[in-house]
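Here is the structure we will look at.
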Amino acid sequence: MASDLSSVKLSVRELLAQQQQYHKKAVIVEGQVKSVVSIDETDKTTVATWGFNIIPSTVKSTASATYFYLEGDTGDNVLVKYLADLDVMADDNVAITGLFNAYAVTVEKKGLLRTQREQVSNDLGEPFIAALSVENKTKQKVEYIRKTEE
């Protein structure tokens, strides 16, 4: 998976110091797990229906997610979001492969007469890694988000 993504191996400190450069890029970061939270999220989705019923219906969907802070060698922390239940505990040593989302990224909006620069923040309010795989070195276990073939 890491080779498919062309991931760059970084320390937590390097990643946080160069957020703009690594925004929406695949990264590999190692460290120690701090403060784990697992959440079951409920959402509503509108789906099309078959047959004579032409009005779309809304169904509830639930998904699990695990959030934790990854602490690097220098004491810097970055939030990790894994979109499933994950078997990690505080003080586990892990290697994360995922997509980095910077906190306040400067983007350019081009208009007819001029270009504006604007800072855009992410939904979580801080930089985070959307983890695609987690290698738990303490438990000698690898968990990953499965890729579906189309």
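The values are calculated or read from the model by the stated rules, or taken from the named source; none is laboratory data. Everything numeric in this text was worked out from a predicted model, so none of it was measured. Don't worry about glycine lacking a Cβ; one is built from the backbone with ideal geometry, like all the others, and counts go over all protein chains shown.
Kindly establish whether Leu99 is over 16 Å from Lys9 (Cα atoms) and either at pLDDT 95 or above or not in a loop (DSSP other than H, G, I, E, B) (or both). No, not satisfied.
Out of Thr138, Thr148, which single residue is at pLDDT below 75 and polar (S, T, N, Q)? Full working, then the answer.
Working: Thr138 fails: at pLDDT below 75.
Sole residue among the options that is at pLDDT below 75 and polar (S, T, N, Q): Thr148.
Filter region 111-135 for residues that are surrounded by fewer than 14 Cβ atoms within 10 Å (Cβ to Cβ) and in a strand (DSSP E or B); which is modelled with the highest pLDDT? Looking at the filtered set, the residue picked out is Thr115. Applying the condition of being of a type in the set (A, V, I, L, M, F, W, C) and within 13 Å of Val88 (Cβ to Cβ) to region 22-36 and asking which residue is surrounded by the fewest Cβ atoms within 10 Å (Cβ to Cβ) yields Val36.
Pairs linking a residue in region 11-24 that is among the charged types (D, E, K, R) to a residue that is in a loop (DSSP other than H, G, I, E, B) and buried (at least 19 other Cβ atoms within 10 Å of the Cβ), with Cβ atoms under 6 Å and 6 or more positions apart or on different chains, are Arg13/Gly72. For region 40-86, the set of residues classified as farther than 21 Å from Asn101 by Cβ, at pLDDT 75 or above and small (Gly, Ala, Ser) consists of Gly75 only.
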